[in-house]
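Structure, as structure tokens:
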Amino acid sequence: MAESIFDMAPVTEPERQYYFIENARVLLGRKEEELHHPLSFHVTTFGCQMNARDSEKMTGILADMGLMESENETESDIVLFNTCTIRDNANQKFYGHLGTLGGKNQRNRDRIVAVCGCMAQEPECVEKLSKSYKFVNIIFGTHNIYKLAELICRHLEGEEHVVDVWDKPGEIVEDIPSIRKYPFKSGVNIMFGCNNYCTYCIVPYVRGNERSREAKEIIRECEKLASDGVKEVMLLGQNVNSYGNGIEGSISFPELLREVEKVDGIERIRFMTSHPKDLSDELIQVMKDSKKICRHIHLPLQSGSTRILKAMNRRYTREQYLELAMKIRREIPDIAITTDIIVGFPGETTEDVDDTVDMIHRVKYDGAFTFVYSPRTGTPAASMDGRQPKEWIKREFDRVLTAVQDESKEMAARFLGNTETVLVEDINEQDPGLVTGRMSNNLMVHFPGDRSLIGKLVDVKLTECKGFYYMGER
Ligand code: 5AD
Ligand code: SF4
């Protein structure tokens, strides 16, 4: 029997994947000749910064296979969806999107459609995709995105439907290709997964248990990014404060920040997300001492009621959270604190929401994402009693939203007249005579400028506050 490309593949990673990238390049080259046009790909990303970073890696793999990135999803030869399942509306949005593509897919049978990410980790989703969306050729989860080239090879070599979803994470594979969405800023994974098991949350089930990357790999990546012109890194983890747990002799998160700070060329450091239960005084001190760490912390509250926090398994009380937030405000007065809040958790009462609203006024959030509780299959909260009716949720949600907006408008206005350093990100969408930049505290500023400023750090005077953003001039 003739040897297949799979028989000869190296067993170690990432060598194995570089081997499949080369093979995919040859196989796709043949397809290109048959079809008489250069092959293109499109990656559509749903969800959080983790997914955005994963998509950059998969974009790198696809580009290395010799494919052209296309803006147009419906016209592309390989379409990849990186999905999110944090709330049910994320799932619905994806199915809607896929349905639209499916209609058009009938007219383009040569297309390869692949689905990966958090939804693919759920058996019901895989079943639904396999049954009702037969035009999906490849399904894989969150733990094996680095294998994209291998999975595409399997499909190109004749497997009509490739499904490769792992229920547990494998090794952390370093050095896979990546193409950044922005040349001047990048996410850097410092850990994967989550061990906190908040009772509403599906992340530990679809992203697996918590694993930290080796500090030296993180620093090496930051150095490489800096030499590539990256000025801002965002250190990514579901709970960065527990960085290093489980790695013998590992440094802590504040120590890691100190190391990243030493990387020449990196001018700004952000991180996401901090769980309030283990944010240390050392972290506050490192932030306070640092010239590079941005004046912004995302500190998810979820609820201002100790009773609900307990049911959520958040492991802090409202008093502990408040004390922490006040300490941060005291130590770093110009910092912006943002948060996540859930309304409608099982058993939540109007008094509990009163506590949340009260907390919003005390902490004075600079910004907040507010979510309606969404039951996720397999999580403890999904089988808890005491769900409130829709009208109640709508009313209480609006009450929380109003409180957040009132406070954050007031907080944003406190910078008026300041001169702030901003990293210019883009030309303004509405007015091409303006550019848009981000301040250290994450607020956006629009000011006169041109394309040549993109990726530069410039000082801008904040002349007018427009609620949640500023107008300025250099
Ligand atoms: N329902 C509503 N919001 C949720 N979040 C996580 N799981 C759920 C859920 N089941 C929110 C939390 C978290 C943010 C990323 O998403 O507020 O911090
Ligand atoms: Fe979900 Fe809680 Fe982990 Fe955040 S800390 S990802 S909310 S389980």
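Rule-based calculations on the coordinates, nothing more; no lab input. Since this is a predicted model, take the numbers as computed values, not measurements. When we count neighbours, we look across all protein chains shown, and the Cβ atoms used for this are built from the backbone with ideal geometry, even at glycine.
Values for this structure:
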| read-out | value |
| --- | --- |
| Value at 222 nm in deg cm²/dmol, rounded to 500, when DSSP H runs of n ≥ 4 in the chain each add -39,500 (n - 2.57) | -11000 deg cm²/dmol |
| Free-standing Cys residues across the chain, given no other cysteine C-beta under 4.7 angstrom | Cys48, Cys84, Cys116, Cys118, Cys125, Cys153, Cys194, Cys222, Cys294, Cys465 |
| Sites His161 and Lys262, calculated FRET efficiency, Cβ-Cβ separation with R0 60 Å, nearest 0.05 | 0.80 |
| Per-peptide average of other Cβ atoms within 10 Å, ordering 447-456, 27-36 highest first | 447-456, 27-36 |
| Principal-axis tilt of helix 350-363 within the chain, Cα atoms, nearest 10 degrees | 80 degrees |
| Residue order, fewest to most surrounding Cβ atoms within 10 angstrom, among Val26, Val165, Val203, Val435 | Val26, Val165, Val203, Val435 |
| For the chain: relative contact order, % (alpha-carbon pairs under 8 angstrom, 6 or more apart) | 9 percent |
| Check: the stretch 55-149 dipole with +1 on Lys, Arg Cβ and -1 on Asp, Glu Cβ, in debye | 340 debye |
| Ala382 versus Ala9: modelled label distance in nm, points set 7 Å from Cα along the beta carbon direction | 3.1 nm |
| Average silhouette area of the stretch 147-240, convex hull of alpha-carbon atoms, in square nanometres | 7.9 nm² |
| DSSP-assigned coil residues among GluC sites (Glu not before Pro) in the stretch 378-474, each with at most 11 further Cβ atoms within 10 Å | Glu429 |
| The stretch 180-294: mean projected area of Cα convex hull, nm² | 7.4 nm² |
| Spatial separation of Cα centroids for the stretch 333-347 and the stretch 351-387, in angstrom | 8 Å |
| The stretch 15-164, relative contact order [Cα under 8 Å, separation at least 6], % | 25 percent |
| Those lysines that a straight Cα-Cα span of less than 16 Å connects to Lys216, excepting residues fewer than 8 apart in one chain | Lys224, Lys262 |
| In degrees, nearest ten, helix 390-412 long axis to first principal axis of the chain (Cα) | 70 degrees |
| Least to most buried among Arg315, Arg270 (fewest other Cβ within 10 Å first) | Arg315, Arg270 |
| Residue order, fewest to most beta carbons within 10 Å, for Lys131, Lys57 | Lys131, Lys57 |
| Rounded to whole Hz, the Karplus (6.51, -1.76, 1.60) HN-Hα couplings of the stretch 163-176, x for glycine and proline | 10, 9, 10, 9, 7, 9, x, x, 6, 8, 9, 8, 6, 8 |
| Mean-position separation - Cα centroids, the stretch 196-255 and the stretch 1-72, in angstrom | 26 Å |
| Around Tyr365: net Lys/Arg minus Asp/Glu count, Cβ-Cβ under 14 Å | -1 |
| Across Lys394/Lys461; Lys31/Lys231; Lys131/Lys168; Lys291/Lys461; Lys168/Lys291, pairs whose alpha-carbon gap is larger than 29 Å | Lys394/Lys461; Lys31/Lys231; Lys168/Lys291 |
| Given charges at Cβ of Lys, Arg, Asp, Glu: the stretch 149-273 dipole, positive-most of Val165, Leu151, Val263 | Val263 |
| Anchor Lys364: lysines whose Cα lies under 19 Å away (excluding residues fewer than 8 positions away in-chain) | Lys327, Lys409, Lys466 |
| Selection from Leu98, Leu62, Ala24 lying farthest towards where the dipole of the stretch 15-164 points positive, charges on Cβ | Leu98 |
| Diffusion constant of the chain at 10 °C, which comes from Stokes-Einstein with the Kirkwood Cα-pair radius and 1.306 mPa s, µm²/s | 66 µm²/s |
| Compactness index (Cα Rg / 2.2 N^0.38 Å), the stretch 84-158 | 1.10 |
| Calculated FRET efficiency for the pair Glu71/Lys224, C-beta based, R₀ 25 Å, to 0.05 | 0.35 |
